[in-house]
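Taking it in order: structure first as structure tokens, then the write-up.
The values are calculated or read from the model by the stated rules, or taken from the named source; none is laboratory data. Note that the coordinates shown come from a computational prediction; the quantities given were computed from them, not determined experimentally. Using ideal geometry, Cβ is built from the backbone for each residue, glycine included, and neighbour counts are taken over all protein chains shown. Please note that ligands, DNA and RNA were not included when accessible areas were found on the heavy atoms of the full protein model with its side chains. Shrake-Rupley method; radii C 1.70, N 1.55, O 1.52, S 1.80 Å.
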Amino acid sequence: MTGIFNFKTVSATLALMLLQTAQIHAQQMAFKKHGQYILTAAGCVGCHTDLKNNGPKLAGGRKLKTPWGTFYGPNITPDKTYGIGNWSDKDFIRALRKGVSPNGSHYFPVFPYTSFTKMTTRDIRALKAYLFSLPPVAKPNIPHDIIFPFGIRQNIYFWKILFFDEGPFRQDTNETKEWNRGAYLSKALGHCGECHTPRNFLGASDKSRTMAGNRDGPDGDSVPNITPDPETGIGNWSHKDIVEVLKI
């Protein structure tokens with residue numbers, strides 16, 4: 001009887017352990033899947049992949065011309081030499097929340113941490129989990145070619161004092177759940193204002209004209225007004241119109 005009892009106990013313990021392992025695996029997979037959603041919503045591929053030259057996904061090299069010089073998207077694959085493979089969760093959160101690299105240097109605001117700072121910690125962690133599930137790519141980063149004195153990283157410290165508001169998105173309790181979700185998507189993840197808002201001569205967004213369009217957007221292209229103005233913006237657009245544009 002004792003042997004049978006022990007056999008049943010061991011079997012039940014093993015079954016429970018297998019069930020718990022399966023649940024943990026399912027949770028991890030769901031978390032990474034959420035991270036993939038975050039990556040898509042944040043448009044990471046567009047800036048960190050040299051699509052024009054069929055470069056490897058997220059391995060950097062995307063050329064971006066601005067009035068302050070030419071920037072190249074960095075490698076954000078989990079490669080330990082050229083990518084972010086040595087980054088801890090703390091490093092990753094600090095980069096998106098504060099615009100600071102693991103070695104303590106300030107990122108140029110062409111990296112839209114001014115919007116990503118509003119992301120929730122859960123979304124940031126999920127994004128990292130997904131990125132680290134991808135294959136590493138050993139592709140060196142291309143140095144930026146920035147006009148003097150804008151290329152002096154130490155100056156970004158003072159730029160942040162003037163123009164950077166750090167901190168996660170805070171919901172407006174006077175608005176609906178749908179409105180707050182839209183605000184989070186546009187202000188944090190989608191960082192729509194980074195392209196659709198005009199900038200001053202120091203590269204900071206003109207908050208008095210948020211989403212009003214930018215005649216000198218990325219690569220010198222004009223970016224449209226997406227405020228609800230009926231004449232110059234999207235005030236007359238239907239829900240279907242917006243959905244169709246976002247599918248492109």
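Some observations on this one:
- Top-ranked residue in the range 222-247 [being over 15 Å from CYS192 (Cβ atoms) and either among the hydrophobic types (A, V, I, L, M, F, W, C) or not in a loop (DSSP other than H, G, I, E, B) (or both); ranked as modelled with the lowest pLDDT]: LYS247
- The single condition among (1) touching a residue at least 40 places away in the same chain (Cβ under 8 Å); (2) under 21 Å from the mean Cα position of the chain (by Cα); (3) part of a helix (DSSP H, G or I) that SER186 does not satisfy is (1).
- Condition met for SER115 (open to solvent by less than 20 Å² (accessible area, probe 1.4 Å), in contact with a Lys or Arg (Cβ under 9 Å, 6 or more places away or on another chain), polar (S, T, N, Q) and closer than 17 Å to GLY43 by Cβ): yes
- Considered as a group, the residues in the range 74-95 that are of a type in the set (Lys, Arg) and not in a loop (DSSP other than H, G, I, E, B) include one that is farthest from PHE132 (Cα to Cα), and that residue is ARG94.
- Looking only at the range 50-73, residues that are assigned to a loop (DSSP other than H, G, I, E, B) and within 18 Å of PHE150 (Cβ to Cβ) come to 3 in all.
- Condition met for GLY85 (closer than 22 Å to VAL137 by Cβ, at pLDDT 95 or above and surrounded by 20 or more Cβ atoms within 10 Å (Cβ to Cβ)): no
- Residues that are in a loop (DSSP other than H, G, I, E, B) and under 21 Å from ALA188 (Cβ atoms) were ranked within the range 133-170; the one that is most open to solvent (accessible area, probe 1.4 Å) is ARG170.
- Scanning the range 83-116 for residues that are farther than 24 Å from GLY69 by Cα and touching a residue at least 40 places away in the same chain (Cβ under 8 Å) yields ILE84, GLY85, TRP87, ARG97.
- Residue within the range 201-217 that is within 22 Å of PHE164 (Cα to Cα), touching a residue at least 60 places away in the same chain (Cβ under 8 Å) and open to solvent by 70 Å² or more (accessible area, probe 1.4 Å) present: yes
- Tally of residues being open to solvent by less than 10 Å² (accessible area, probe 1.4 Å) and either in contact (Cβ under 8 Å) with a residue 40 or more places away in the chain or under 16 Å from LYS128 (Cβ atoms) (or both) across the range 30-60: 7
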